[in-house]
Amino acid sequence: MRGPFSDAIMKTDRTFGPDFSILIPLFNEEDTLIGGIRKLLVFLEGSGLDAEILLGSNGSTDATPLIGRLLEDIRPDRIRFFHINQRGHLGRVFRIAAEMASTPLLISVDVDMPFDLLFISNTLELLEKNHIVIGSKLAGLQVRSLMRSTGSEFYILCAQTLLKLPYEDFSSGAKGYRLDAVKPLLDGISDDTNYVLDILCAAGRGGLKVATTPVDCRDLRKSRFRLLKEFLVRFLHLFRVYLREHGNGNGISKNGNGCRPGPRTTLLF
């Protein structure tokens, strides 16, 4: 006898291949993985969307790998799982997913789906005319802890000031990419959570088109990262990027053009 979760999985059956790929990074998500995947599958079915789901575990020590492989066994044509031993290596997870993806579009979301999943539909539309889509929590409604929201806002302000990047979100979640444009940029990106900043700097130098759309975010879960260490890692990397780019003729050159962001679109859905 099938339950609601099995029904949600089986209803996604399609004769042809998926239209786009969804990356979900994982770290010790045994309590949220099944619920998050079910919520995503129900949304995709209700929206008439067909996607492959790439589950990328980084350093999980609980039952996450077991559950991920079980989900892949149930729907190997639409759910694919991989695991690396290094915790926090989201940049490496992204590179692996970009190579694994069988479609030209990759959307990255968080497993607990803390934002309105209509972001996915909006992103698909925006990727028709843009190379990258940024889901901006600052432009939407935030329900997060004061420490996380304040730290993020200060980091964004520093990135905008030092690198002349006009974007309002550098987290891994709620982002969309056209892989033909982004994959050539991946050799130099960080292995950790700084990879989004690296991609946006490289995209600016390459003149890629970046669209920003607001997302409402409700995330009161305890962070999976050690927040103080994460802030230090991100700020140190930000200053390294500034020093690396300053005066070298790329990015923040002597004329002060920053990472030279390409054409930018801000959309309010």
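The values are calculated or read from the model by the stated rules, or taken from the named source; none is laboratory data. From a predicted model like this one, the values you see are computed outputs, not experimental measurements. Cβ: placed from backbone, ideal geometry, glycine included. Neighbour counts: every protein chain shown.
One table, with the values for the structure above:
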read-out	value
Which listed residue is in a helix (DSSP H, G or I) and under 26 Å from residue 51 (Cβ atoms), from 124, 106	124
Qualifying residue in region 239-256 (condition: surrounded by 19 or more Cβ atoms within 10 Å (Cβ to Cβ), at pLDDT 60 or above and assigned to a loop (DSSP other than H, G, I, E, B))	no
Only listed residue being more than 14 Å from the chain's Cα centre (by Cα), under 22 Å from residue 234 (Cβ atoms) and not aliphatic (A, V, I, L, M), chosen from 151, 56, 135, 48	151
Residue list for region 28-54, filter: closer than 10 Å to residue 111 by Cα and either in contact with a His (Cβ under 7 Å, 6 or more places away or on another chain) or not in a helix (DSSP H, G or I) (or both)	29, 32
Counted residues, region 55-76 - those being without any contact (Cβ under 8 Å) to a residue 12 or more places away in the chain and assigned to a loop (DSSP other than H, G, I, E, B)	1
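Here's the yes/no breakdown for (1) surrounded by fewer than 16 Cβ atoms within 10 Å (Cβ to Cβ); (2) at pLDDT 95 or above; (3) of a type in the set (A, V, I, L, M):
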{"site": "20", "(1), (2), (3)": "no, yes, no"}
{"site": "26", "(1), (2), (3)": "no, yes, yes"}
{"site": "33", "(1), (2), (3)": "no, yes, yes"}
{"site": "46", "(1), (2), (3)": "yes, yes, no"}
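Condition check ((1) surrounded by fewer than 21 Cβ atoms within 10 Å (Cβ to Cβ); (2) at pLDDT 95 or above) across all residues:
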site: 56; (1), (2): no, yes
site: 62; (1), (2): yes, yes
site: 70; (1), (2): yes, yes
site: 73; (1), (2): yes, yes
site: 77; (1), (2): yes, no
site: 84; (1), (2): yes, yes
site: 90; (1), (2): no, yes
site: 95; (1), (2): yes, yes
site: 99; (1), (2): yes, yes
